[in-house]
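A.B. asks: One structure, as structure tokens, below. Some questions next.
The values are calculated or read from the model by the stated rules, or taken from the named source; none is laboratory data. Please read these numbers as outputs of a predicted model, since none were measured by experiment. Cβ sites come from the backbone with ideal geometry, for glycine too, and all protein chains shown count toward neighbours. Side chains are part of the model used for accessible areas, which takes the heavy atoms of the whole protein and leaves out ligands, DNA and RNA. Shrake-Rupley method; radii C 1.70, N 1.55, O 1.52, S 1.80 Å.
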Protein chains: 2
Amino acid sequence: MTRRNGSKEISELPPEDRKQRPTIVDIARRAGVAPMTVSRVVNDSGYVSREMREKVERAVKELNYHPNGLARSLKRQRTHVIGILLPDIANPFSAQLVSGIQETLVERGYSSFISVSERSTAREHAALRAMFDHRADGLIVATRETKSGNDFLLRLTEQGLPMVVVGRTLNHPRVDRVTADHWRGGYEAVEHLISLGHKRIGFIGVSPINGAGLRRYQGYLDALRENNLPIDEKLIVGPAAQSGPGYSTQDDGYAGMKKLLALKKPPTAVFARNDFTAIGAMCAIRDAGLRIPEDAAMVGFDNVPLAAYTTPPLTTVDQPTREQGREAARLLLERIEGDKTRERREICLDCHLVIRQSTTNKNDNKTV
Amino acid sequence: MTRRNGSKEISELPPEDRKQRPTIVDIARRAGVAPMTVSRVVNDSGYVSREMREKVERAVKELNYHPNGLARSLKRQRTHVIGILLPDIANPFSAQLVSGIQETLVERGYSSFISVSERSTAREHAALRAMFDHRADGLIVATRETKSGNDFLLRLTEQGLPMVVVGRTLNHPRVDRVTADHWRGGYEAVEHLISLGHKRIGFIGVSPINGAGLRRYQGYLDALRENNLPIDEKLIVGPAAQSGPGYSTQDDGYAGMKKLLALKKPPTAVFARNDFTAIGAMCAIRDAGLRIPEDAAMVGFDNVPLAAYTTPPLTTVDQPTREQGREAARLLLERIEGDKTRERREICLDCHLVIRQSTTNKNDNKTV
DNA sequence: AAATCGTATGGTAGCGTTATCACACCGGGC
DNA sequence: GCCCGGTGTGATAACGCTACCATACGATTT
């Protein structure tokens, strides 16, 4: 009983009851071996005789020993923890991304801890700082780009923290990148509308701040251009400029669509930045007493599970989110366990259009 | 240059370039003081002269020093990290809960790391184990109850890990609990339907496994009983029994409603276990060519942001999720920083019914 | 018979912090 | 002149673990 002091508390409990978590020394004593031998058994490394191994394993079980991850990580200079930074959580995209990441990580013996920035740069900083200080072995970052966020990420990279970004950019030679081809997804969505005869096609959800970086929006612009349709800025509406990183919700969709419907010549079809925005917009159309798709067709982006259950079911662009997660984790582990300084790598996966009744009701109008 | 060996790599880089993160010793050397003094400056503890403090602060800034959280936590026996265990992530409930938790935590100087069980007990175990091994100071658990999950949680509690459960139970004298009054929420939802004249009211989303534990469902049963309406088991349909913990999605809602509509006497109103289930059910009603609420009224639970944007907007029960998060964090910190062995405490917050057009279209039929 | 090798175990030293004690200085009160 | 309390600084020893080296023994090999 050389452990701890705080003398008063000790006397209140019988010494054996003090639920101190056992350490490797406790196990060693109990099994009558050296701590080093316990370590070898627990980590299954080096030579241990059957006899010793059994003694140790018995002691481990009896005291319910689990190694202290802090001490182990400190010594090994490896935590086997990957930090995942998400913009927000209420979101099928986040869920599938995490699911894909974890799929790869668990089979390689890593755990992952998630943090959420909630569109606040202060929170983003705090989360990154916490991950860095607790020495995560690497980071997967899926937050939206901001100036100060980027600076911070670059600083961490410079300090040697391996990093992969998903669905965004970060310009650094040692930061890998995984995305889906949002440009093409947007392009095909708009081509689909054009092929249905639409000529006035709106876009909801782009804010002046980050329109340049939004590739699905660039796809929209390019599809119009290449089909010789005019780009009418009145048909492009975004969420009210806000302090945080760009984002767009059902509220923005509703408000945006109202603006479009108030125009002298409203669009006959609308491409929304994401499915939630599209859902909000569809509400506005319905509230205006108009029909979808006859009076206004709608396309979303992301193919969230709910998109099959809107009224009418939503045409949208599917991106392989889970696979992006898997690839991101793979790249990160490659860098962590292999060459930390190898040149950046980029992986771009394909999107594809899912046609439902919000653009055409030629199919019979059933959900499933 | 006493640091590290791996001799070959060293010679390839000029020694100054080795991006080793600086330690407290590096700072001490640079500032010409003892490590202890650096520690005092960094932690703002004990006596330090202005002169020393400035020297140290300069060195800290120049080398961009940040203390190693592992070492610090190991020494202090405190990580200042709280683990949050969520059932899944694609979910406004999770988002608001986390948001509330973090609100409280950041102002008290803690960080939080999230893990997701994704309805797999194996994942749940792994996540808990990782949190425990990395010595999180406490846990907030919002996963669904399962036998093996409960056992595991109880073991961790017995080992002295402070814990609060949210929206579920865990029977242990040292585990606090935060919930909303789902029973009353369910009760009021059903009373609302009864007051509109409904007599055949269905329930979607309960599986035989955990119906007993689902308090909103008990509220449904009790409301029927106390209004002398018969409980008809044919009107109660759940997701197909499955291995994992109970859950219910739009898919279950759609399938469940189809079953109900196929009955000889289908219900005139349905209470769904959650909003997503309700949304799926509404699709099934529409696909059957029926009107909401005239042919079938619908009530959900949770008041997710999307509920205001369904067709028609969904009557549902709102629970104060963010506040549950705040309370959970408060209780946990109280236990961590105060009396670790104090008796369990329970906090139950009120729900309230939000009436929209899926039960009555007397209001004018606008979304906002 | 000596050198070599695979197997088995333990000792020691640190990973990067900080609690604790030790010491040293200064001014003031007796 | 001595003691005291407040102030300032550093040395030392952990926290719990594992990399590394040292040792030891039996079985080959030369």
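A.B. asks: So A:Gly167 fits all but one of (1) open to solvent by 20 Å² or more (accessible area, probe 1.4 Å); (2) facing chain B (nearest Cβ under 10 Å); (3) of a type outside the set (Lys, Arg); what number is the exception?
C.D. replies: Result: A:Gly167 fails condition (2) only.
A.B. asks: Does segment A:133-152 hold any residues that are in contact (Cβ under 8 Å) with a residue 40 or more places away in the chain and at the interface with another protein chain (Cβ under 10 Å from one of its Cβ atoms), and which are they? Even if it seems obvious, please write down each step before you answer.
C.D. replies: Within segment A:133-152, the subset in contact (Cβ under 8 Å) with a residue 40 or more places away in the chain is A:134-146, A:149.
Within segment A:133-152, A:His134, A:Arg135, A:Ala136 qualify.
A.B. asks: Hey, can you tell me all the residues within segment A:69-108 that are within 16 Å of DNA strand D (Cβ to nearest atom) and assigned to a helix (DSSP H, G or I)? Spell out the reasoning first.
C.D. replies: Pass one, segment A:69-108, residues within 16 Å of DNA strand D (Cβ to nearest atom): A:69-81.
Of everything in segment A:69-108, those that are within 16 Å of DNA strand D (Cβ to nearest atom) and assigned to a helix (DSSP H, G or I) turn out to be A:Gly69, A:Leu70, A:Ala71, A:Arg72, A:Ser73, A:Leu74, A:Lys75, A:Arg76.
A.B. asks: Just to be sure, is B:Gly32 surrounded by 10 or more Cβ atoms within 10 Å (Cβ to Cβ) and either more than 9 Å from DNA strand C (Cβ to nearest atom) or at pLDDT below 95 (or both)? Give the derivation first.
C.D. replies: Working: surrounded by 10 or more Cβ atoms within 10 Å (Cβ to Cβ): yes; either more than 9 Å from DNA strand C (Cβ to nearest atom) or at pLDDT below 95 (or both): yes.
The answer is yes for B:Gly32.
A.B. asks: When segment B:304-318 is examined, which residues are found to be more than 19 Å from A:Asp275 (Cα to Cα) and open to solvent by 20 Å² or more (accessible area, probe 1.4 Å)?
C.D. replies: Step one: list which residues in segment B:304-318 are more than 19 Å from A:Asp275 (Cα to Cα), which gives B:315-318.
If the condition is that a residue be more than 19 Å from A:Asp275 (Cα to Cα) and open to solvent by 20 Å² or more (accessible area, probe 1.4 Å), then B:Asp318 is the only one that fits.
Quick grid of which residues meet (1) modelled with pLDDT under 95; (2) of a type in the set (A, V, I, L, M, F, W, C); (3) in contact with a Ser or Thr (Cβ under 8 Å, 6 or more places away or on another chain):
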position	(1), (2), (3)
B:Val165	no, yes, no
B:Arg177	no, no, yes
B:Asp181	no, no, no
B:Ser195	no, no, no
B:Asn210	yes, no, no
B:Arg216	yes, no, no
B:Ile236	yes, yes, no
B:Pro239	yes, no, yes
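A.B. asks: So, in segment A:77-90, of the ones that are more than 9 Å from the chain's Cα centre (by Cα) and at the interface with chain B (Cβ under 10 Å from one of its Cβ atoms), which residue ends up farthest from B:Leu74 (Cα to Cα)?
C.D. replies: Narrowing segment A:77-90 to residues more than 9 Å from the chain's Cα centre (by Cα): A:77-83, A:90.
Still in the running and at the interface with chain B (Cβ under 10 Å from one of its Cβ atoms): A:77, A:79-81, A:83, A:90.
Details: A:Gln77: 14, A:Thr79: 13, A:His80: 17, A:Val81: 17, A:Gly83: 20, A:Ala90: 34 Å.
Result: A:Ala90.
A.B. asks: Looking at segment A:58-79 only, could you name the residues that are away from DNA strand C (no atom under 12 Å from the Cβ) and either surrounded by fewer than 15 Cβ atoms within 10 Å (Cβ to Cβ) or hydroxyl-bearing (Ser, Thr, Tyr) (or both)?
C.D. replies: Quick first cut of segment A:58-79, residues away from DNA strand C (no atom under 12 Å from the Cβ) only: A:58-67, A:69, A:79.
Selection gives A:Arg58, A:Lys61, A:Glu62, A:Asn64, A:Tyr65, A:His66, A:Thr79.
A.B. asks: Does segment A:124-131 contain at least one residue that is more than 16 Å from DNA strand C (Cβ to nearest atom), at the interface with chain B (Cβ under 8 Å from one of its Cβ atoms), open to solvent by less than 50 Å² (accessible area, probe 1.4 Å) and not in a strand (DSSP E or B)?
C.D. replies: First pass over segment A:124-131, keeping only residues more than 16 Å from DNA strand C (Cβ to nearest atom): A:124-128.
Among the residues that remain, those that are also at the interface with chain B (Cβ under 8 Å from one of its Cβ atoms) are: A:126-127.
From what is left, the residues that are open to solvent by less than 50 Å² (accessible area, probe 1.4 Å) are A:127.
The next check asks that each one be not in a strand (DSSP E or B); those that pass are A:127.
Yes, segment A:124-131 has at least one match.
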